Ligand code: GLU
């Protein structure tokens, strides 16, 4: 306080703390937000049906749990090698080469980190820069087929990338074509993101389609876009139930060294909370890339818990029967939700053949008003009203695609058949109330 000209003047000191622009410009994850909200409502006693979380309702298989407990009992509770212990990286490299057909992979091409999210985060940090010139038009580009999972674009932007959406349509089974890819590639293209099976579309590319896309990448790498890479998120590779077998684009030898393959046990082995994921490269550049990511890991989380890797090894080698049981359950749920949604007025849905999501088009209902008086102008309004009025959590589509997301909602069917039936009934009741 100070006196000036006989009056009392109060002088406040302005707060000088501030948050970084990087964080201020970052949107929160909508999948995580819906998941947290649904869990909090459930904990407070609300009978909420959670179709938000991409999280299996199964328990982690016994061999994995047992292995972790035994590892802790052996006091394996200290730091381990930054990229993960040799035994687990050897195993992942072996599976990648024997099962996925990716050439030139060894333990030195593998980093194990805290979830597939961290694997992607480190990959983008290692591949992208802010443009040297400081000019927007010089930003390196990530080509992103959309609709795509909500965190790819924000993580790439954090690393300095410009995200270029490659739109796909339900008629085209939500897949990009080689011609579309070719047209989108520029000298600034640094990476193409692939995610087959896809979250949120549950679509899959065939081997022939992936080979055709790989041929475009190979040509571009030898010509217009010498730095081009493919980041292939294959987290759902074991959860497939259509006629399309999973294929790793990194198995195409011409582009193997340009490909980072990302995977983890979270979805397939119901191990989401263990926070494990890995990235792998191939050949000389693959080793350099994993080395760079290991440096980042050494300056951030140091390493993952060693006892969780004992669980991952057991899951990968001893839980085949549990994996198959869960896969079959997802297959039955896919059939069920697809056929039930087919009977819901104004909802168009594509048949899921991998992963555990549907991404229905609800645009026939935009412009209406809910029974509770809420105006439905976009998917976010639809999802908000559905949760408020019928206690059913779904993820609004906006963050899956800037151009068409507002016409869709995402429903995860990693839940029981009983919940699927109840949920579709609630959806029908909600839609019946729209005017
Ligand atoms: N990946 C899951 C999903 O899409 C979990 C939440 C998240 O990490 O986005 O629902």
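Taking the criterion of being within 15 Å of the ligand (Cβ to nearest atom), buried (at least 23 other Cβ atoms within 10 Å of the Cβ) and assigned to a loop (DSSP other than H, G, I, E, B), the only residue of the range 272-290 that qualifies is 276. Residue 389 passes every criterion in (1) more than 16 Å from the ligand (Cβ to nearest atom); (2) touching a helix residue (DSSP H, G or I) at 6+ places or on another chain (Cβ under 7 Å); (3) over 19 Å from residue 38 (Cα atoms) apart from (3). The residue of the range 200-224 that is surrounded by the fewest Cβ atoms within 10 Å (Cβ to Cβ), among those that are farther than 16 Å from residue 254 by Cα and in contact with a helix residue (DSSP H, G or I) (Cβ under 9 Å, 6 or more places away or on another chain), is 205.
For the range 257-271, enumerate the residues that are away from the ligand (no atom under 16 Å from the Cβ), outside any strand (DSSP E or B) and touching a strand residue (DSSP E or B) at 6+ places or on another chain (Cβ under 8 Å). Result: 258, single match.
Restricted to the range 232-256, and to residues there that are within 13 Å of the ligand (Cβ to nearest atom) and in a loop (DSSP other than H, G, I, E, B), the residue that is farthest from the chain's Cα centre (by Cα) is 239.
Residue 375 falls short on exactly one of the conditions (1) crowded, with 18+ Cβ neighbours inside 10 Å; (2) in contact with a strand residue (DSSP E or B) (Cβ under 6 Å, 6 or more places away or on another chain), and that condition is (1). Of the helices (runs of 4 or more DSSP H) lying entirely inside the range 1-85, those containing at least 1 residues that are away from the ligand (no atom under 16 Å from the Cβ), under 26 Å from the mean Cα position of the chain (by Cα) and within 30 Å of residue 386 (Cα to Cα) span 21-24, 30-43. Evaluate the range 386-403: report whether one residue or more is within 14 Å of residue 202 (Cβ to Cβ), touching a strand residue (DSSP E or B) at 6+ places or on another chain (Cβ under 9 Å) and free of Cβ contacts under 8 Å to residues at least 60 places away in the same chain. No, because not a single residue in the range 386-403 is within 14 Å of residue 202 (Cβ to Cβ), touching a strand residue (DSSP E or B) at 6+ places or on another chain (Cβ under 9 Å) and free of Cβ contacts under 8 Å to residues at least 60 places away in the same chain. From the list 122, 192, 166, 143, the one residue that fits, being more than 16 Å from the ligand (Cβ to nearest atom), crowded, with 20+ Cβ neighbours inside 10 Å and more than 22 Å from residue 245 (Cβ to Cβ), is 143.
For the range 225-256, filtering for residues that are touching a strand residue (DSSP E or B) at 6+ places or on another chain (Cβ under 8 Å) and surrounded by fewer than 20 Cβ atoms within 10 Å (Cβ to Cβ) leaves 4.
Throughout, read-outs are computed from the coordinates displayed, never taken from laboratory work. A quick note: this is a predicted structure, and the numbers were derived from the prediction, not measured. Here the Cβ is made from the backbone with ideal geometry for all residues, glycine too, and neighbour counts use every protein chain on show.
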